[in-house]
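Colleague: Have a look at this one before I ask anything.
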Amino acid sequence: MASHPGHLAGHVVALHCSGGGGRQWRRLAERLAPDHRLIAPDLIGSDGGGAWEGQAIFSLADEAASIIALIDRLEGPVHLVGHSYGGGLALHIAARRPERLASLSLYEPSAFHLLRTMGPPGRAALREIQAIAGAIHTGLSEGSYRAAAERFVDYWNGAGAFSTMRPDLQAKLVGYLPKASLDFRALIHESTAMSRYLGFPFPVLLLRGEHAPAPTRLIAEELASRLAATALEVVAGAGHMGPVTHETLVAERIVRHVVLAGAAATRSQAA
């Protein structure tokens with residue numbers, strides 16, 4: 001994205017959802033220019049992210065390593081953004097580099113490991129997610145890739161969504177299934193405790209769609225109720241894929257948060 005270095009107010013690193021890519025954030029890049037530079041890397045398994053080589057059991061730490069290295073190279077505090085899998089990943093990164101962040105913006109972060117601590121509703125939501133993850137694993141082991149991809153897409157986008165996609169997009173998502181299975185496992189088995197998030201020294205924006213599925217709705221609401229300096233906003237008419245289906249509205253809310261957080265940090269430094 002184009003920027004004017006002389007007026008650059010900061011860097012924004014945005015992490016996409018499972019099965020997506022960095023291009024998901026192009027509208028956010030437009031809204032941030034020219035004051036902020038957006039960096040939206042393709043994660044492992046996406047077009048530009050390379051493949052997982054399988055040296056060991058995959059975890060969020062494996063995905064986070066290159067993002068943390070990127071953040072450490074950037075000058076000044078960084079605004080971190082994440083959606084779904086990218087939101088769960090952003091939480092993992094924020095817990096390990098809180099001193100490097102100026103703000104955090106999350107749209108329905110898939111921090112599924114937190115559901116275990118959220119009573120009967122959380123455990124029911126976890127079983128719901130485990131059923132989707134199990135369907136993908138079964139599809140991969142049996143060879144019913146298309147049915148598994150349809151289950152994955154329709155859960156997050158609504159019934160019938162997969163059947164209305166272009167054939168090339170369907171094929172792309174079928175090809176992503178092995179990484180999708182790894183994403184689910186990494187999110188469900190993430191070990192970072194809620195207590196690691198409670199002391200974040202930067203403002204947090206949590207967004208969820210009006211029609212969010214139970215697991216990510218519960219996670220967003222729980223985080224909003226527990227984290228300090230946190231705002232929860234509901235995007236009217238949107239579901240889990242709000243950053244794609246309602247990209248302008250979501251981008252505007254994130255930009256507002258980034259700008260306010262940057263201004264607050266500047267005032268604090270001046271004081």
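The values are calculated or read from the model by the stated rules, or taken from the named source; none is laboratory data. Since this is a predicted model, take the numbers as computed values, not measurements. Counting neighbours? That spans all protein chains shown, and the Cβs are built from the backbone with ideal geometry, glycine included. Surface accessibility is based on the protein's heavy atoms, side chains included, excluding ligands, DNA and RNA. Shrake-Rupley method; radii C 1.70, N 1.55, O 1.52, S 1.80 Å.
Colleague: Based on DSSP H runs of at least 4 residues, each adding -39500 (n - 2.57), what is the mean residue ellipticity at 222 nm of the chain after dividing by all its residues, to the nearest 500 deg cm²/dmol?
Modeller: My calculation for the chain gives -16000 deg cm²/dmol from helical runs alone.
Colleague: Amide H neighbours of Glu233 under 5 Å, at least 5 residues apart or on other chains, H built in the peptide plane: list them.
Modeller: Leu206, Leu207, Arg208
Colleague: While we're here: Work from the charge dipole of the chain (Cβ charges, +1 for Lys and Arg, -1 for Asp and Glu, about the Cα centre) and give the residue of Ala95, Ala61, Ala180 farthest towards its positive end.
Modeller: Of the options given, the answer is Ala95.
Colleague: Could you tell me which residue out of Thr245, His189, Ala264 lies farthest along the dipole of the chain toward its positive end? Charges go on the beta carbon: Lys and Arg +1, Asp and Glu -1, centred on the Cα centre.
Modeller: Ala264
Colleague: In addition: What relative contact order, as a whole-number percentage, does the range 141-271 give when Cα pairs under 8 Å and 6 or more residues apart are counted?
Modeller: This gives 21 percent for the range 141-271.
Colleague: Exposed loop GluC sites (Glu not before Pro) only (DSSP loop, at most 15 other Cβ atoms within 10 Å): please give the longest stretch of the chain free of them, not including the sites.
Modeller: 76-209
Colleague: GNM on the chain, C-alpha springs below 10 Å: top fluctuator among Ser66, Ser46, Ser181?
Modeller: In this elastic network of the chain, the residue with the biggest mean-square fluctuation among Ser66, Ser46, Ser181 is Ser66.
Colleague: Now for a different question. So how strong a dipole does the chain carry about its Cα centre when Lys and Arg Cβ are +1 and Asp and Glu Cβ are -1, to the nearest 20 debye?
Modeller: 320
Colleague: What part of the accessible area of the range 33-82, given as a whole %, is carbon or sulfur when the probe is 1.4 angstrom?
Modeller: 50
Colleague: Quick one: net charge around Leu43, please, counting Lys, Arg +1 and Asp, Glu -1 for every other residue with C-beta under 13 Å from its C-beta.
Modeller: My count for the surroundings of Leu43 gives -3.
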